[in-house]
1. If I compute solvent accessible area with a 1.4 Å probe over the protein chains, what percent of it on chain B is carbon and sulfur?
2. May I ask for log10 I(q)/I(0) of the stretch B:1-67 at q = 0.24, 0.27 Å⁻¹, from a Debye sum over the Cα atoms as equal point scatterers with solvent left out?
3. Mind checking the stretch A:27-115 for trypsin sites (Lys or Arg not before Pro) that DSSP puts in a loop (not H, G, I, E or B) and that have at most 10 other Cβ atoms within 10 Å?
4. Which number do you get for Rg(Cα) / (2.2 N^0.38 Å) in the stretch A:32-115?
5. Within 10 Å of each candidate Cβ there may be at most 14 other Cβ atoms; applying that plus a DSSP loop requirement, which GluC sites (Glu not before Pro) in chain B survive?
6. Suppose R0 equals 25 Å. What FRET efficiency, 1/(1 + (r/R0)^6) with r the Cβ-Cβ distance, do A:Asn71 and A:Lys13 give to the nearest 0.05?
7. Can you give me the C-alpha center-to-center distance between the stretch A:43-115 and the stretch B:25-52, rounded to a whole angstrom?
8. What is the mean number of Cβ atoms from other protein chains located within 10 Å of the Cβ atom of each residue in peptide B:39-46, rounded to a whole number?
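The values are calculated or read from the model by the stated rules, or taken from the named source; none is laboratory data. From a predicted model like this one, the values you see are computed outputs, not experimental measurements. Quick reminder, even Gly has a Cβ in these numbers, built from the backbone with ideal geometry, and neighbours come from all protein chains shown. With ligands, DNA and RNA removed, areas are computed over all heavy atoms of the protein, side chains included. Shrake-Rupley method; radii C 1.70, N 1.55, O 1.52, S 1.80 Å.
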Amino acid sequence: EAGVTQSPTHLIKTRGQQATLRCSPISGHTSVYWYQQALGLGLQFLLWYDEGEERNRGNFPPRFSGRQFPNYSSELNVNALELEDSALYLCASSSLGSGESYEQYFGPGTRLTVT
Amino acid sequence: GQSLEQPSEVTAVEGAIVQINCTYQTSGFYGLSWYQQHDGGAPTFLSYNALDGLEETGRFSSFLSRSDSYGYLLLQELQMKDSASYFCVATNKLIFGTGTLLAVQP
């Protein structure tokens, strides 16, 4: 069974540009979560999608947005990039929503560098 | 605010037992999960406590006390491969702890 996949592995953008990150969950999983992990720090929750809808978002500005497609894959968009957006962006999936699923499966992440 | 605090670093030797603590301040708390993350890798699930008490999974055990707003991860028979960062997570809140870097020495 294939795990969670993310693309691209690395992404380099300049300040003010937009970045698009993609995630494919494990087959059968309907929930997708996005996290930001700055270098040497913990994971900060960004967004949770389930059944195509945004269910919850973390304490991030509106320029962080995304969507979930009918096949449950997901896209994270970051507009007006700032230097401090440089981080590892992790996607995770689970078969149930955050209130019921204690086990999330993480992808390898996308390393975003903003110069 | 809501937070989960962990010691930043812990060092132990191979074969020893180590305990990683997690103290939390969060409301509407369902349960506590633990994840392991090797340097440069993706977090992987280790253990979950929905109820107070001890849960054992092989060399790893996790404990939760809601009355004390406290939990811990216990790693036994430490191996070099256990060197990694460990995070506690308030599951329904999707809040990760500050993380503990465990260094296992020979």
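1. 49 percent
2. Those come out to -1.36, -1.48, one per q.
3. none
4. 1.06
5. Hits after loop and neighbour filter: B:Glu14, B:Glu77.
6. Given R0 = 25 Å and the Cβ-Cβ separation, E is 0.40.
7. Taking the Cα centre of the stretch B:25-52 as reference, the centre of the stretch A:43-115 is 18 Å away.
8. Taking the mean over all residues of the peptide, I get 5.
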